[in-house]
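Undergrad: This is the structure I have questions about; it appears just below.
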Amino acid sequence: HGGEISPAMATRAAVWLFTKPKRSAVFPGESQLSAQANSYFLTHRGYDLAIMEWGRGPTVLCAHGWSSRGVRFKTLIERLVKSGYRVVAFDAPAHGLSSGSHTDVMDYADAILAVAQKTGSVHAIVAHSFGAAATLLALEKGLRIRKAVFFSALNGMRGPIDYLAEKL
């Protein structure tokens, strides 16, 4: 009913809720994998993005989903490194160890572009859920890769709308 009293205020509150991810818990083995990484921060558009790298070879970039983190790809990272790839995972704005409290698909797409530029030529990207949507936008904005793998990609607005409804 807030929209009836002040539509502008209700809209600002909804956007605030919709763009605020939760910081997810660290799963077993993720801390050990993080400790093995070459880790650093990249400052981009007011965010300090946490970046982790493992291995050598063609670069595979990992783009995680909403309220997740880069090391959530633990099993995939380990297998790709054993197969001769350099894997770069990062925490999107307002996720994991990256700074910020709010983000959106445009921020995430810009972060993907910045990380790709920082890390050099990207052979492939593996993206999950919200990360897949951001990757598609990054591709539209000029991201150059040879291969992309998307899983559990957003296939409509039902999931995000349900997320917002739960928050409200």
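Undergrad: If His44 passes every condition in (1) under 23 Å from Ala153 (Cα atoms); (2) surrounded by 15 or more Cβ atoms within 10 Å (Cβ to Cβ) but one, which one does it miss?
TA: (1)
Undergrad: Can you pull out the residues in the stretch 77-121 that are at negative phi, part of a loop (DSSP other than H, G, I, E, B) and open to solvent by less than 10 Å² (accessible area, probe 1.4 Å)?
TA: Asp91, Ala92, Pro93, His95, Ser98, Thr103
Undergrad: Here's another thing I want to ask about it. Taking the conditions exactly as written (modelled with pLDDT under 95 and surrounded by 13 or more Cβ atoms within 10 Å (Cβ to Cβ)), does Trp54 satisfy them or not?
TA: no
Undergrad: Just the residues that are part of a helix (DSSP H, G or I) and under 27 Å from His102 (Cα atoms), please, taken from the stretch 42-76.
TA: Hits for the stretch 42-76 are Gly70, Val71, Arg72, Phe73, Lys74.
Undergrad: Return the residue satisfying two criteria in turn: it lies in the stretch 62-72 and is out of contact with any Leu (no Cβ under 9 Å at 6 or more places or on another chain) and not small (Gly, Ala, Ser), and of such residues it is farthest from Ala35 (Cα to Cα).
TA: Top of the filtered list is Trp66.
Undergrad: Okay, next question. Across the stretch 15-41, which residue is most open to solvent (accessible area, probe 1.4 Å) among those that are touching a residue at least 24 places away in the same chain (Cβ under 8 Å) and part of a helix (DSSP H, G or I)?
TA: The residue in question is Trp16.
Undergrad: Tell me which residues, restricted to the stretch 122-146, are assigned to a helix (DSSP H, G or I) and either under 16 Å from Thr19 (Cβ atoms) or under 11 Å from the mean Cα position of the chain (by Cα) (or both).
TA: Within the stretch 122-146, Phe130, Gly131, Ala132, Ala133, Ala134, Thr135, Leu137 meet the criteria.
The values are calculated or read from the model by the stated rules, or taken from the named source; none is laboratory data. These numbers were taken from a predicted model, which means no experiment stands behind them. With ideal geometry, Cβ positions are generated from the backbone for all residues, glycine too; neighbour counts draw on all protein chains shown. Calculation scope for accessible area: heavy atoms of the full protein, side chains included, ligands and nucleic acids excluded. Shrake-Rupley method; radii C 1.70, N 1.55, O 1.52, S 1.80 Å.
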